[in-house]
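Reviewing the structure listed below.
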Amino acid sequence: MENELVLGDNLEIMRQLPSESIDLIYLDPPFFSNRNYEVIWGDEGEIRSFQDRWSGGIDHYIGWLKERVQEMYRLLKPTGSIFLHCDWHADAYIRVHILDKIFGAENFRNEIAWHYSGWNKQLSKHIERRHDSIFFYSKSEDSYFEYPARKWDSKEEYIQKRKQKVQVDENNREYVLSDAGGGQRVRRYLDEAMEYGVPLDDVWDIDKINNSDKVERIGYPTQKPEKLLERIIQIGSKEGDIVLDPFVGGGTTIVVADRLNRHWFGIDQSVQAVKVSELRIYNKRTLFSAPFSVKLHKYDYDTLRYKDAFAFESWIVEQYGGTSNIKQRGDFGIDGRTREGLPIQVKRSDNIGRNVIDNFRSACERFDQNLFEKNKKANQPIGVLIAFTFGKGAIEEVARLKIEQGIIIQLLQVEEIVPIAKKPKVSVTIRDLGVDEKGNREIEFTAIGESDSGIEMYSWDWDYNEVNGFKPEILLDKEGVQVRKLKPDGYVIAVRVFDNQGLEATEIIRLKVNGKIKRL
Ligand SMILES: C[S@@+](CC[C@H](N)C(=O)[O-])C[C@H]1O[C@@H](n2cnc3c(N)ncnc32)[C@H](O)[C@@H]1O
């Protein structure tokens, strides 16, 4: 399975995935609260999901979530596990009415309390609520489990923690005495302690992402810390396993999974969530990172048309439901096969001419002569040719082959396989706000996007370079306005706009800042 980010309702998307294909699922669904912060992105997809959960009380919410957890259960391998993140609003209901029912109470492993610092200034009559619950269930007794112990740094660390003096037994083995309860004291051998490591319990003290964390913080309230996901992924999976997050949000799970060499699959109904996740993954990529794809509802012509040819061919064959022909590439110019086994050829161009049809006809014959003859006899297509558009010559040639030789070639335009839309436009204006005491120039950048479907967000890369591609520092800017202080120098800045469908356009601004600002 290729690493994938998918825009859509997770229920629908999960229904299309094969059973027993996932090793670990982490989900952080919107909690059952009617607070405003539950709406993070505020885009169409999220609002729809919000209304979906909110059209009834707790029963409705539980029904909404249960349906999805049922699918997750189907997707998990028998060795798989699930970690469900929730809080006091619904945790009791979720455990009893969803997890115990679907996974079985016997497969309950832990209720992890994620305890965080930070003061909420609660004035109501209750004590401070400062933990979330993460329910850990496995699908069966055979579930994969990696004990998450950290090794002691040194014997000294262990001894210090125990506040004991080291003693030596009759075999010269070092030990310390430890309380075993009820006034009993037992020997803890240092060699065993070193081997076993620091035990981890079910209360995890991990700080929330704070406002000053410039590296990790994206700027939406429910973003989870990477450290939390790191632990979960290490407990429930090994390298090469597949991790699914059906409520991926800003992509914490998949970013960590990627770093820990797991395959990943993320789903979110919000365009903003999918795009922030994509940028976050992209920002951390190196030349050695595994490829990933992003599935939207619509695609724009330019991005597809100018995509790497090889990547495009495989992608469109798969979108059509076929299998791409990676091994035999080059052989006869066949790029894949349909589900029924018919050869597929992809042309990443427009206005395909007559000669392409004739070449394809011979390629099909050479590729699998028996199949060719069989289909011809049965009046079935001998192959499928995919292109952006076909010219008049090609269409006439297909008709001629059918009438004169009884050979049927199926022509398919890319647009018939994936919906295509017009991508947005973006322009940027800059305003000089003056010079500060250090001689830096303060500049206001205003990006204005245009799209028939409406603009979702902007991202900014303050140090753009073509080789590395777009690696923005500001991932999520809903307004498109940024103020920067720039010292005298040359700058290449890129802003990317995303519309309601997730389609994008980028504008690159070259600036020279010294006595004044000069746009090159
Ligand atoms: C609490 S956030 C997840 C935050 C994430 N763990 C992180 O660290 O960034 C919940 C996410 O679920 C998404 N969501 C809500 N309903 C959904 C649905 N039916 N299908 C897919 N995603 C959904 C929301 O758009 C939101 O991004």
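The values are calculated or read from the model by the stated rules, or taken from the named source; none is laboratory data. Bear in mind the structure is a predicted one, so any value in this text is a computation, not a measurement. Backbone-built Cβ (ideal geometry, glycine too); neighbour counts: all protein chains shown.
Just a few scattered comments:
- Within the stretch 255-310, tally of residues that are more than 16 Å from the chain's Cα centre (by Cα) and crowded, with 19+ Cβ neighbours inside 10 Å: 2
- Breaking point among (1) near the ligand (Cβ under 10 Å from one of its atoms); (2) at pLDDT below 95; (3) among the hydroxyl-bearing types (Ser, Thr, Tyr), for Thr253: (2)
- Assessment of the stretch 200-210 against the conditions (away from the ligand (no atom under 16 Å from the Cβ) and surrounded by 14 or more Cβ atoms within 10 Å (Cβ to Cβ)) yields at least one matching residue.
- Among the strands (runs of 3 or more DSSP E) confined to the stretch 321-424, there are none with at least 3 residues that are surrounded by fewer than 17 Cβ atoms within 10 Å (Cβ to Cβ), of a type in the set (A, V, I, L, M, F, W, C) and modelled with pLDDT of 95 or more.
- Test: residue in the stretch 233-243 that is within 15 Å of the ligand (Cβ to nearest atom) and crowded, with 21+ Cβ neighbours inside 10 Å: yes
- Search result, residues across the stretch 462-498 that are in contact with a Phe, Trp or Tyr (Cβ under 8 Å, 6 or more places away or on another chain) and among the polar types (S, T, N, Q): Gln482
- Which numbered condition Arg280 misses (of (1) in contact with an Asp or Glu (Cβ under 7 Å, 6 or more places away or on another chain); (2) farther than 30 Å from Ala387 by Cα): (1)
- Within the stretch 425-454, being within 11 Å of Leu503 (Cβ to Cβ) and surrounded by 19 or more Cβ atoms within 10 Å (Cβ to Cβ) holds for Gly449, Ser451.
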